[in-house]
Amino acid sequence: MTTLLTVKGIQTFIGQYHILQGVDLEVEQGRVTLILGRNGAGKTTTLRSIMGLTPAKQGQIVFDGEEIQTLKPHLIAQKGIGYVPEDQGVFSDLTVEENMKLAIRKLDDATRARQDFVLDLFPDLKIAWKRKGGNLSGGQKQMLSIARAFVNDNRLLLIDEPSKGLAPIVVEKVMESILELKKRTTIVLVEQNFLMASGVGDDVFILDDGHTVYRGSMADVRSDEAVKKKYLGIGL
Amino acid sequence: MSLTVNLLLNGVALGMLIFLIAVGLTLIFGLMGVLNFAHGAIFAWGAYVGWAVYGATGSFILAILAGTATGFVLGFVMERFFIRPFYGNHVAQILLTLGLMIVLTEGIKIFFGPNILGFDKPELLQGVVTILQDPFPVYRIFTIGVGALVLIGVHYLLSRTKYGIIIRAGVQDPEMVQALGIDVRKVFALVFAFGAGLASFGAVIAGPSFGSLHPEIGMQNQLAAFIVIVIGGIGNFVGAAIGAVLVGITQTLMAYYLPEAALAVNVALMALVLILKPEGLFGLRR
Amino acid sequence: MRERIFNNKWLLAAVLVLLAILPFVGTSQFLMLMLIQVFILAVYGMSYDLLLGYTGIVSFGHAIFFGTGAYSVGILLTKMENPNLLFVAFLIAIVFSAVVALLLGVLSLRVKDVYFSMITLAFAELFFIVAEKWSSLTGGNDGIPYIRVPELFRERVSLYFIALGFLVVMFLFLRRVVDSPLGRVLQAIRENERRAESLGYNVLQYKLVSIVISGMVAAMAGGMWAVLQRYVSTTVFSLDQTISALLMTIIGGVGTLTGAILGAGVITFANEWLSSLASVHPIFERWLIFFGIIYIVIVMYFPKGIIGTIRDKWARSSERGKRDAAQTDQRGKSVL
């Protein structure tokens with residue numbers, strides 16, 4: 001098993017606030033790594049720091065053997081990292097088709113194949129192909145955002161809280177699709193909803209107050225009532 | 001009847017000129033949140049350089065090329081050295097562009113003198129044609145034609161090309177565009193230079209239409225463009241086009257019937273839009 | 001420590017005493033006239049600083065208030081035909097410009113900050129045009145000549161002290177405003193509008209108060225200007241009038257009040273000096289370009305202006321012994 005992404009002791013500030021105070025991650029290739037933690041623990045900022053959107057002041061981010069913490073976001077994306085933000089980042093003025101067009105960096109056969117695959121996975125998008133992003137349902141936006149991140153030859157997808165604001169049945173669908181995508185790429189998934197995420201995760205990192213406070217396998221977390229209670233607020 | 005048609009055509013011609021200024025302003029603002037108060041000064045520089053080149057070479061085409069290039073280069077330099085270091089700091093950007101406006105306007109006075117200069121129409125475009133038994137200057141038709149072509153061209157660029165998609169996406173969420181692997185800064189610089197180039201292009205076309213140039217020509221037209229983009233909804237291309245024609249027509253009608261109040265009516269129009277629909281007639285609420 | 005000395009009442013008092021004895025030590029009439037101009041423009045600059053430096057509002061239509069004050073006083077004094085009703089004229093001018101400021105604020109403060117600059121610019125142009133075209137009231141391009149003012153306001157020395165007193169009173173008043181709870185809310189809005197809103201402050205209302213106070217003070221400065229010149233022309237509504245407020249505050253230092261005073265001095269005297277060089281080289285006729293360049297440099301590299309930069313420097317050099325360098329890097333956020 002090879003490590004695709006290593007985050008070592010990153011510290012990130014937003015304005016004068018010290019949000020990340022030492023976050024460590026290790027993401028293994030071909031697996032789904034879960035980042036769990038309470039609201040405000042620094043999960044979203046961690047993803048944004050990896051993407052270079054809120055660059056880390058200190059620490060190291062190594063993707064596929066290369067340090068990327070000083071790169072601009074577009075260069076990080078070009079290294080092969082796809083990003084699905086918390087608010088999905090769907091462009092409301094653009095149609096689904098244009099959203100996809102915008103995302104595609106190089107239109108070759110492999111990309112076309114990936115696009116076909118992801119549209120088969122989310123047939124909704126095919127139906128809404130000419131519809132504006134602003135007119136999509138929450139679930140459709142989530143699917144479009146994931147499709148956009150996957151359509152390029154990205155070796156890593158960062159997905160931020162895909163369950164947020166979606167109906168349980170839609171969340172189930174999204175989680176199923178993540179299992180499907182896992183066969184083809186590596187995924188870092190931020191989740192607040194432990195129960196939803198526990199079905200797809202392989203490895204788990206828990207953040208609290210801007211620190212990595214726990215790492216282990218999914219099975220470890222499931223059986224560790226103390227950890228669940230302390231960091232995830234899941235009692236009994 | 002024919003007078004109305006004539007005035008309307010004049011209004012559309014003026015609207016097209018204002019549109020050429022407004023389109024750059026509105027795109028730059030929508031994309032980068034930068035309201036460029038030096039945009040009018042770039043317009044003025046385009047007009048003056050066009051005038052000088054036209055005077056020196058006698059070629060209107062060369063004048064247009066030189067004027068447009070002036071704006072493009074000025075826009076590029078401005079973005080690179082004055083705007084870029086201050087992205088996200090709107091106050092500094094506004095203050096800076098106003099400073100650039102002062103320097104560029106004074107620069108015109110130094111290079112070309114503070115007095116009014118005559119700008120003749122090229123021979124080919126002089127004269128009148130008869131529309132509905134009324135004489136109508138050929139140059140107006142030329143202006144409307146050029147404006148319409150630019151409108152179609154920009155519309156095509158925005159709606160059909162990848163660049164257009166990037167720009168429209170960038171207007172909404174530049175960060176996400178970047179996260180998709182696109183160098184937004186590069187696009188910003190291009191749009192800035194392109195918008196400035198369009199304004200100075202419009203300036204060379206406008207010069208002979210106004211018949212004369214003076215150093216304050218930039219500020220006057222910039223104000224009209226501001227009013228247009230407030231009415232049309234800031235960052236909105238279609239809104240700018242409709243707003244420009246609207247303002248052009250009211251201005252022409254007022255200039256004919258009540259010249260004292262021409263600008264007042266447009267400012268009042270803007271005030272009305274602000275009260276009733278602050279996001280502009282065609283704007284999206286953000 | 002030294003920052004405190006600089007901020008100290010004693011320094012200001014010393015400057016004040018110096019200014020107060022100036023007329024009695026053989027100072028030329030010309031220099032006194034220049035200083036009177038500085039005093040009046042300084043008030044105008046400070047009123048702008050309240051908006052830009054303390055509330056974070058960038059208005060490009062400040063001339064509206066200056067011009068409204070100047071025209072109101074000019075017109076009223078001419079119409080009333082009794083120069084001793086000066087106070088009445090001022091009172092009406094202040095009330096009128098407060099109404100103008102309120103209307104302008106209600107119209108344009110509801111939209112985002114960037115629009116505000118643009119809209120105020122457009123409204124300033126409107127006022128300029130009205131002053132030019134409504135000639136039955138304003139005298140059009142001829143302006144309002146021969147404004148009759150009370151004897152006290154005609155005599156150079158007494159006018160000098162009136163203007164100086166005007167500056168001192170306005171400075172103390174504005175100082176009071178910015179140090180009051182109201183002023184602190186304004187500064188909170190400048191720092192972070194959304195946070196101020198989430199703390200429960202009605203941001204629009206506070207901004208309106210700020211623009212109304214600023215407008216009234218600027219109108220008084222405009223009225224004083226009309227009294228000094230005994231003549232009002234459309235230039236009081238011109239863009240250059242607004243630009244002069246911007247230059248004074250930015251060059252002197254935003255958010256300091258004293259910066260605007262210093263800026264008024266620097267600009268008035270440098271303007272005079274540069275214009276006098278016009279015979280050396282015609283480029284000096286275009287003195288504004290030099291200010292434009294200085295202004296750009298200051299916005300880019302010294303965003304706190306002369307006063308703010310000096311203060312920072314002194315504060316840092318006195319702190320150096322006590323704190324480590326890392327901490328001094330964390331400077332306070334200013335408007336820029």
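The values are calculated or read from the model by the stated rules, or taken from the named source; none is laboratory data. Remember, predicted model here, so these are calculated numbers, not experimental data. Note that each Cβ is placed from the backbone with ideal geometry, even for glycine, and that neighbours are counted across all protein chains shown. In case anyone asks, the SASA skips ligands and DNA or RNA and just uses the protein heavy atoms, side chains included. Shrake-Rupley method; radii C 1.70, N 1.55, O 1.52, S 1.80 Å.
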Kindly list, by first and then second residue, each pair from a residue in segment A:106-130 that is in a loop (DSSP other than H, G, I, E, B) to a residue that is open to solvent by 40 Å² or more (accessible area, probe 1.4 Å), limited to pairs with Cβ atoms under 7 Å and residues at least 6 apart or on different chains. A:129/A:97; A:130/A:97
Please verify whether residue C:244 is more than 16 Å from residue C:52 (Cβ to Cβ), open to solvent by 10 Å² or more (accessible area, probe 1.4 Å) and in contact (Cβ under 8 Å) with a residue 40 or more places away in the chain, treating the condition exactly as stated. no
Any idea which residue in segment B:18-43 is farthest from residue B:192 (Cα to Cα), counting only those that are open to solvent by less than 10 Å² (accessible area, probe 1.4 Å) and more than 14 Å from chain C (Cβ to nearest Cβ)? B:19
Restricting to segment A:111-147, give me the number of residues that are open to solvent by 20 Å² or more (accessible area, probe 1.4 Å) and within 11 Å of residue A:88 (Cα to Cα). 3
Looking only at residues in segment C:237-257 that are within 11 Å of chain B (Cβ to nearest Cβ) and part of a loop (DSSP other than H, G, I, E, B), which one is farthest from residue C:67 (Cα to Cα)? C:254
Identify, by number, the condition in (1) buried (at least 23 other Cβ atoms within 10 Å of the Cβ); (2) in contact (Cβ under 8 Å) with a residue 60 or more places away in the chain; (3) among the aliphatic types (A, V, I, L, M) that residue B:176 doesn't meet. (2)
State all residues of segment C:169-187 that are surrounded by fewer than 19 Cβ atoms within 10 Å (Cβ to Cβ), free of Cβ contacts under 8 Å to residues at least 60 places away in the same chain and over 17 Å from the mean Cα position of the chain (by Cα); if no residue qualifies, say none. C:179, C:180, C:181, C:182, C:184
Out of segment B:109-129, which residues are touching a strand residue (DSSP E or B) at 6+ places or on another chain (Cβ under 7 Å) and exposed (fewer than 13 other Cβ atoms within 10 Å of the Cβ)? B:116, B:118, B:129
Qualifying position, being among the small types (Gly, Ala, Ser) and modelled with pLDDT of 90 or more, among A:226, A:149, A:197: A:149
Residue satisfying condition, being in contact with an Asp or Glu (Cβ under 6 Å, 6 or more places away or on another chain) and open to solvent by less than 10 Å² (accessible area, probe 1.4 Å), within set B:206, B:189: B:189
Please work out if residue A:206 is β-branched (Val, Ile, Thr) and open to solvent by 40 Å² or more (accessible area, probe 1.4 Å). no
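Of the residues A:156, A:166, only one is touching a residue at least 40 places away in the same chain (Cβ under 8 Å) and not aromatic (Phe, Trp, Tyr); which?
Every option except A:156 fails the conditions.
Based on what the data block shows, is residue B:166 within 30 Å of residue A:156 (Cβ to Cβ), open to solvent by less than 30 Å² (accessible area, probe 1.4 Å) and not in a helix (DSSP H, G or I)?
No, not satisfied.
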Looking at segment C:1-92, what helices (runs of 4 or more DSSP H) fall wholly within it and have at least 2 residues that are open to solvent by less than 10 Å² (accessible area, probe 1.4 Å)? C:29-49, C:63-80
Select from segment A:69-105 the residues that are more than 10 Å from chain B (Cβ to nearest Cβ) and surrounded by fewer than 19 Cβ atoms within 10 Å (Cβ to Cβ) and list them in ascending order. A:70, A:71, A:86
Is it the case, given these coordinates, that residue C:95 is among the β-branched types (Val, Ile, Thr), open to solvent by 30 Å² or more (accessible area, probe 1.4 Å), within 29 Å of residue C:130 (Cβ to Cβ) and out of contact with any Leu (no Cβ under 8 Å at 6 or more places or on another chain)? yes
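I'd like to check something: does segment B:119-134 contain any residue that is within 14 Å of another protein chain (Cβ to nearest Cβ) and touching a helix residue (DSSP H, G or I) at 6+ places or on another chain (Cβ under 8 Å)?
Start the filter on segment B:119-134 by keeping residues that are within 14 Å of another protein chain (Cβ to nearest Cβ), which leaves none.
There is no residue in segment B:119-134 that is within 14 Å of another protein chain (Cβ to nearest Cβ) and touching a helix residue (DSSP H, G or I) at 6+ places or on another chain (Cβ under 8 Å).
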In a loop (DSSP other than H, G, I, E, B), within 10 Å of chain B (Cβ to nearest Cβ) and over 15 Å from residue C:61 (Cα atoms) - does that describe any residue in segment C:97-110? yes
Please go through segment B:44-76 and pick out each residue that is without any contact (Cβ under 8 Å) to a residue 40 or more places away in the chain, among the aliphatic types (A, V, I, L, M) and either open to solvent by 60 Å² or more (accessible area, probe 1.4 Å) or within 17 Å of residue B:142 (Cα to Cα) (or both). B:56, B:61, B:62, B:65
Restricting segment B:91-118 to residues that are over 19 Å from the mean Cα position of the chain (by Cα) and closer than 18 Å to residue B:24 by Cβ, which is farthest from the other protein chains (Cβ to nearest Cβ)? B:93
Please state which one of A:86, A:97 is part of a helix (DSSP H, G or I) and of a type outside the set (Val, Ile, Thr). A:97
Positions within segment B:171-214 being within 20 Å of residue B:80 (Cβ to Cβ), β-branched (Val, Ile, Thr) and more than 14 Å from chain A (Cβ to nearest Cβ), in sequence order: B:191
Quick check on segment C:111-137: of everything there that is of a type in the set (Val, Ile, Thr) and surrounded by fewer than 22 Cβ atoms within 10 Å (Cβ to Cβ), which residue is farthest from the other protein chains (Cβ to nearest Cβ)? C:130
What's the number of the only condition in (1) in contact (Cβ under 8 Å) with a residue 24 or more places away in the chain; (2) open to solvent by 10 Å² or more (accessible area, probe 1.4 Å) that residue C:143 fails to meet? (2)
Can we say residue B:77 is part of a helix (DSSP H, G or I), out of contact with any Pro (no Cβ under 9 Å at 6 or more places or on another chain), among the aliphatic types (A, V, I, L, M) and at pLDDT 95 or above? no
Go through (1) modelled with pLDDT under 90; (2) farther than 17 Å from residue A:186 by Cα for residue A:129 and report which single condition fails. (1)
Options C:273, C:314; residue that is hydrophobic (A, V, I, L, M, F, W, C), in contact (Cβ under 8 Å) with a residue 40 or more places away in the chain and open to solvent by 60 Å² or more (accessible area, probe 1.4 Å): C:314
Out of the residues in segment C:273-311 that are part of a helix (DSSP H, G or I), more than 8 Å from every other protein chain (Cβ to nearest Cβ) and among the charged types (D, E, K, R), state the one that is farthest from residue B:99 (Cα to Cα). C:311
